[in-house]
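The next block holds one structure in the form of structure tokens; read it before the comments.
Read-outs throughout are calculated quantities, based only on the coordinates presented, and are distinct from any laboratory measurement. Note that the structure is predicted; figures quoted are calculated from it, not measured. In this analysis, Cβ positions are derived from the backbone assuming ideal geometry, glycine residues included, and neighbour counts consider all displayed protein chains.
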Amino acid sequence: MKKLINTLLLVSGFITWGMAQETDSTFYLQEVTVKENRIPPRVSFKNTSIEKEQLRENLTASLGEILALKTPIFIKNYGAGGTATPSFRGTGASHTQVYWNGINLNSPMLGQVDLSLFPVAFTDEIEVNYGAASLLYGTGGLGGAIQMNSKVAWKKQFQLMASQSVNSMENHISNASLTFGNSKLQSTTKAFYKKANNRFDFVNTIQPGQPTWTNKHAQQQQHGFLQELSAKLGKKQTLGIKAWYQQSKRDLAPSMDKKEEFAWQGDESLRLLAEWQLNDSKKNLSLKGAYIHDKLEYEKELNNAAQPKTSYSLSNGHIYKLNGIANFKISNQLYLNSGFKWDYDEISSTSYKDLDSGEKTNAHQNTFDLYTSAEWLPVPSLSISLLFRQQWLDSERKPFLPSLGMKYALWTNATFILSAKANLSRNFHAPTLNDRYWYPVGNPQLKPEEGWTGEGGLQLQTASTHRPWHASYELTAFNSVIHNWIIWKPAISNLWRPENLREVHSQGIEQVLKIRYQQNNWRLDFFASASVVKSENQKPYDDLDDSVDKQLLYTPVSSFQGYIKVKHKQNTLIAEQTAYGKRYTQNDGSEWLNPYYLTNLVYGREFSLGKHLLSLQARINNLFGYHYQSIARKPMPNRVYQLRLTFHMNE
Amino acid sequence: MSSVVKVFQFLLMQYKVLIKKNVSMKILKCLFFSLLSLLVLACNEPEEAAPQADLGFASGKYQQGIFITNEGNFDWGHGTISHFNPETGEVSNNIFKQKNGFELGNVVQSMTLHKDKGYVVVNNSARIEIVNPATMEWQGRIHIPKSSPRYLLPLSNKKAYVTDLYADRFYVIDLQKDSLIKEIPTTGWTEKMTQLDKWVFMTQTRTVFDNRKEGGELLLKIDGATDQVVDSVALPKGPMDVVLDARNKLWVLCNGGLIERTPALVKINPYTLEIEKQFDFGNDAGTYPSRLRMNDNGTKLYYLNHHIYEQDIDADTLNQEPLVPANGRLFYGLGFDTQLQQVYACDAIDYVQQGWVFRFDLLGVKIDSFKVGVIPGEFVF
């Protein structure tokens, strides 16, 4: 397979060189990103970001789709258009925390998010915090965290964007955004509409005669609206208000074992956020208040009556949050950062009932969280991060979380900088409300999942001089043990309930190589990320349990993400490659899914219309029509063709 | 690092040379062919996308011995059938897939043998697969849309009843045309059945999420000729299993529901539907009796309640002494081999791996154990 990938990369390299000839003479201006003039937080931990340009290239994608292409996070897809959940560094879906402008979006019921529901177009910046790097933002990110942030440019502007995409699965996505304002007031409005049939043919190899079936019970209709308003109060203070409404309704596609399913799921969210900030050369204060309403519906038809009996479940979550952060620059060598978080979650659900009366009850939880951290640079080549975090859940004190990291510049010359990192942290993940209150099996006595993570790494990068080449290589190794890992398993008969049954040892090596060549009208980007993660249960449930020392379900040991991108004037050609190793579908390894390799080809061209810009993008996903499944027996599409037209006014 | 740099510098030089020579067409041709060859390399067969497994040994001969149905995981898993030959000790797993090359679907709830045919009821896949039990060769299927079938009871060569978990009905199946004849409405989850003369006795229960006021926990008496429910009797919470003893009395095991926990073993007169005896189990947490079975001559009952219990039909109290203590096992299924007078039980471990079957003699002494498929549930003798 390595050979295949190598050949592929080489060939795609040639493609890019070949295609790039079709350029015209219009001069392309490289976009300039302005970096904030402050110390990057927790430099001794691993953080990566997805560049704005890549967000634009994947404007119609979901958060799950872009993460699968650019990060080592493995995304499990329950079929095309279905729920997408992350497995980060070999952990479970609820061990990846997702933040929107610092506000946690993980459902307090499920502990996780459905990454298929977040349009990339609604965010200006995506940052990924690996492992304990996420501790700066909150607890629970045993695998890590994903940040979706909005950016404000304080300038006089009036920008309009409209985009339409269509693909061969009969999926249509429309996006529009309007940004205007001046140095005092800024407004951004974004709208999103998706109508997806997720229709494709597949050979059903688990049915008699291997018939070709059409995936046609997977329709989704989703729309969203985002309004952001920011105002400068004087020179130092800003006030921001954000409102994000989103609704999705989708049919739940059947597994390959049957042709039809009569079930649908509705997801509706309203997220309101108000933020006050004070920035000056010595300090940075921020206070955020948020209200989130999450509504989740599920319905399934259960018989053939004219008015069929249905099973219906509904849950409404009302989540209130207050975050405060204070950053102080004590000196050029010492920065202090402290903050608090208060969360109140109230869930009403058809699945939560009083154990005695059987009457519907609401579940609620109160979380209070304090942290303090310091970044210290005793000498220019050394940076030390220290963090302490303490959480109380319903007034019960949770594990105390210390975190210490160091980064040291080992070697520097005119061409290269070599630095080393090491860090050690403790983290925990509290049981979800479903774990605690699901009727009638919820277990209020569950202990939090907790453990220590150690990480070490080397980073080699070229010095930032004006040479045409820029390259960086990062090698990171981590080791983590998670105790009291919660799994759902039948306690009596066939009724599943959550228990603190496992101890999971997860260890891995991640490598990222980035190369950029930039000269005249040319730019070449090469990105390759290869990871090997072993994540295994250490604790047998009983003497016959054969899951010990076996890789966790749906968690590939090896994965690869890479791309080659060539830009020449208004032309862009991208070849993307992802590869994932074997994944077990049974805890004892008795059943598994084969490795899979997906290749995408993207060609984009921009047409300048005076002050405006029109861009056309053609994309082929799964170029070679590789047959694969992400979740067992959930069909995935073969080759998909997609076309996108985007208009930028005043770009 | 520098070697990478050199490679790219080399490529760039080559490219510049090519531009000068204006050989772009050549490159495109080259590209086309390398892409074509890659296509061949990168393609795989549709079978390779499906879950893979080492299917293990399959003897191919299943005239003698017992079948074990393994439910498989709901939605994304697949159920399997295992076979055990007590004479040779041979265990064959995945025997349906090994014979037919495709899968049964998920949640294989039960299998009923009738007149040289095996009817495999696949709950979440809403169908009944028909096999030749001697070879496991697939013979067809009966698909009932939106159904969640549980158990099948053949009444004659022509007709069978099929119960359903959610649909509030049971189905009448034509065994000659392999098709659905009609659906009979009930007021809850229909489960197990037994037949006496022309009467069919069927347990009706409620799922834990069923909050409706109407309907109840009943034993239904159905006229096998007209398919009409002619009578019913109210029972304690959760009637599941029903068996007929040597004295033509019905025994119904009520699991108590999952919350109320007032499980009971009830003896019923099939003609009058009068409750003649009722043994209440304790109310302790973990008391959850299931899987009521009968021995060969109809004198002894067997069931699971954490441990395996044996109960004489004439006893005046519940036998408190387990026949087989659980001893660390979590028994999920139970069976009685009427030929060899042996008790079978299975443990699904964590329900996401292959389960185990244990065989005991009538004194509760373990004879042997063997590994079967994912979530072994029922034994078919």
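Shown is the FRET efficiency for A:Ala463 and A:Glu299, computed with R0 = 56 Å from the Cβ-Cβ distance and rounded to the nearest 0.05: 0.40. State the volume of the convex hull built on the alpha-carbon positions of chain B, expressed per residue in Å³ and rounded to an integer. So the per-residue hull volume is 223 Å³. For the residues of A:321-330, the average number of beta carbons from a partner chain within 10 Å of their own beta carbon is 0. Every Cα-Cα pair of segment B:56-125 was included, and the share exceeding 21 Å stands at 22 percent. For A:Asn182 and A:Glu51, the difference between the fully extended length at 0.36 nm per residue and the C-alpha to C-alpha distance is 44.7 nm.
Would you tally the net charge around A:Gly442, using a Cβ to Cβ cut-off of less than 13 Å, leaving A:Gly442 out, and scoring K and R as +1, D and E as -1? Result for the neighbourhood of A:Gly442: 0.
Counting, for every residue in A:197-205, the Cβ atoms of other protein chains within 10 Å of its Cβ and taking the mean gives 2. Dimensions of the protein assembly as shown from C-alpha coordinates, computed as largest minus smallest value along each principal axis and given longest first, are 97, 67, 51 Å. Looking at the protein assembly as shown, the DSSP beta bridges with both ends there are about 100 percent antiparallel.
Using the alpha-carbon atoms, what tilt in degrees (0 to 90, nearest 10) does helix B:2-21 show relative to the longest principal axis of chain B? The angle comes out at about 60 degrees.
Residue exposure proxy: A:Phe225, B:Phe84, ordered by other Cβ atoms within 10 angstrom of their Cβ from fewest to most, comes out as A:Phe225, B:Phe84. Counting other Cβ atoms within 10 Å as a rough exposure proxy, the listed residues A:Asp267, B:Asp116 run B:Asp116, A:Asp267 from fewest neighbours to most.
Cβ-to-Cβ counts within 10 Å put B:Phe74, A:Phe400, B:Phe170, A:Phe192 in ascending order as A:Phe400, B:Phe74, A:Phe192, B:Phe170, the fewest first.
Of B:Ala315, B:Ala58, B:Ala264, the residue with the greatest mean-square motion in the GNM of chain B, using alpha carbon springs below 10 Å, is B:Ala315.
Each of A:Phe158 and A:His223 was given a label point 7 Å from its Cα along the Cα-to-Cβ line. The distance between the two points is 2.7 nm.
Out of segment B:109-195, which trypsin sites (Lys or Arg not before Pro) are coil in DSSP terms and have no more than 16 other C-beta atoms within 10 Å? Here the sparse-neighbourhood loop sites are B:Lys115, B:Lys158, B:Lys177. Between B:Asp223 and B:Tyr271, the distance separating the two model label sites (each 7 Å from Cα on the Cα→Cβ line) works out to 1.9 nm.
222 nm [θ] for the protein assembly as shown, helices only, -39500 (n - 2.57) per DSSP H run of 4+, per residue, to 500? For the protein assembly as shown, the value works out to -2500 deg cm²/dmol. Per-residue mean of foreign Cβ neighbours for A:250-258 is 5 (Cβ atoms of other chains, 10 Å radius).
The residues neighbouring B:Gly89, those whose beta-carbon lies less than 11 Å from its own, together hold a net charge of -2 under the Lys/Arg +1, Asp/Glu -1 convention. So if we plug the beta-carbon distance of A:Glu268 and B:Gln339 into 1/(1 + (r/R0)^6) with R0 = 41 Å, what FRET efficiency do we get, rounded to 0.05? So the FRET efficiency works out to roughly 0.10. Extension gain, A:Ala243-A:Leu334: 0.36 nm per intervening residue step, less the Cα-Cα distance, totals 29.2 nm. How high is the FRET efficiency from B:Asp116 to B:Ala285, r the C-beta distance, R0 41 Å, rounded to 0.05? Step by step, r from the Cβ atoms, then E = 0.35. Taking the longest Cα principal axis of chain B as reference, the axis of helix B:24-42 is set at about 20 degrees.
Compared with the alpha-carbon gap, the fully stretched path from A:His612 to A:Trp392 is longer by 74.0 nm at 0.36 nm per residue.
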